[in-house]
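Heads up: the structure comes next, in structure tokens.
The values are calculated or read from the model by the stated rules, or taken from the named source; none is laboratory data. These numbers were taken from a predicted model, which means no experiment stands behind them. Cβ placement follows ideal geometry from the backbone for every residue including glycine, while neighbour counts extend to all protein chains displayed. In case anyone asks, the SASA skips ligands and DNA or RNA and just uses the protein heavy atoms, side chains included. Shrake-Rupley method; radii C 1.70, N 1.55, O 1.52, S 1.80 Å.
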Amino acid sequence: MADLPGQLTEQEIRAQPRLWADVLASFHRHLPQLTDLWRSAAPDQVLLTGCGSSYYLALSAAHLLQAALRVPCRAFPSSEVLFAGEGMRVWTRPPLLIAISRSGETTETVWALQRLREQGATTVALTCSEGGALSRASDLPITLPVEEHSVVMTGSFTSMLLVLAALAAALSGDVGAVEGLHQAPGLAARDLSALVDRARAFAGAASRPYVYLGSGPLYGIACEGALKMTEMALVPGYAYHTLEYLHGPKAAVSPQTVVIGLLSSRGSPYEAQVLKHLADLGAVVIAVGAPVENLPAVRFAAEMGTVPAMLLAGLWMQLLALYVARARGVDPDAPRYLQPVVTWDTSLQIGGAR
Ligand code: F1P
């Protein structure tokens, strides 16, 4: 059979159930160091930073960490940390910085970690590549056993988010939540073939606007789903906080619009109303994670609102982008204009006050 476009990317998407089990085992090996760092630094806020998919998982992780640790947790694109200069230093106690990077070589993220460490932050580098620049610059490097060859991030995204969710649960002493995360690999293995079928069923060749809606930690997942559709299928993907879509962007809805609505446990009655309203306006609307009357849905074995359900939503959106790419004759293994790592000439100086 002729090689299908995106075979490498598809293999790595499908390998996530097994990968998650390996990553959780690795997490438990790193947990003593992370716990010691958390106790010795005793931060009263957590900053997270990364670029692209790594920034989007930082957005989701910030929600999970803040809900568990009850301290302010905020996520920034690495470039925003850089350009903020002294503006970031608004703390009384030095914060904990978690810098996220699959490659561990993204220049902006390395610079951001160096900048905040100079300003007194305690720094953790979460990567999937041993001994890179980010790890070397950090107080504590955490490298996950994720060997990803696709340009776009797939299992690295879900794995680093899973580890940060496990960190939130472990540091808050929520043993039940940690045990719940250990269900994720089995739930994903059980759901995988059904998720492949549901992605194939919805994928079409037309370049239609794909709108991804999510609230709370699902907003970062929605951003990642939109990025995947753009990176893999060259189709515009747009992400919004679910109810925000009613405040103007819905003006663009047409029968060409495809809406992917990620249902949260907290906001789902309102989110369901939004999705039904958009279907009434003529959009193709898919409810993800819970049923919404009269709408096609993607369901998971994982309970709505849990981290495994969030990870499965991310995995399903990776599959959707893959099958849209194939329908369009686009090869996700060779995404247009993209490279696995974005680096900058280190001679460039950041303008303005440091
Ligand atoms: C981050 C990143 C990805 C993007 C592309 C280029 O890399 O920007 O988010 O999808 O693959 O690299 P990293 O800092 O996580 O290695």
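What the table below lists for this structure:
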quantity	calculated
Spacing of the two label points (7 Å from each Cα toward its C-beta) at Ser347 and Val71, in nm	4.1 nm
Per residue accessible area in Å² of the chain, where ligands, DNA and RNA are left out and the probe is 1.4 Å	41 Å²
Helix runs (DSSP H) in the chain reaching 20 Å along axis by Cα, Kyte-Doolittle at least -1.0	16-41, 53-69, 155-171, 184-202, 217-233, 307-327
By average C-beta atoms within 10 angstrom, highest first, the peptides 92-103, 249-260, 232-243	92-103, 232-243, 249-260
Within the chain, helix-based [θ] at 222 nm, where runs of 4 or more DSSP H residues each add -39,500 (n - 2.57), nearest 500	-15500 deg cm²/dmol
The chain: equivalent-ellipsoid semi-axes (sqrt of 5 x gyration tensor eigenvalues, Cα, Å)	32, 22, 21
Length added when fully stretched, Asp22-Ser265, from 0.36 nm per residue minus Cα-Cα	84.7 nm
Accessible surface, 1.4 Å probe, highest first, among residues Tyr270, Tyr55	Tyr270, Tyr55
Amide N proximity, segment 306-346 versus Gln7 label position 7 Å along Cα-to-Cβ, cut-off under 15 Å	331-334
Fully extended contour minus Cα-Cα distance, from Val175 to Ala205, at 0.36 nm per residue	6.3 nm
Peptides ranked, highest mean first, by Cβ atoms within 10 Å: ranges 6-15, 330-339, 309-318	309-318, 6-15, 330-339
Within the accessible area of the chain (1.4 Å probe), percent carbon and sulfur	53 percent
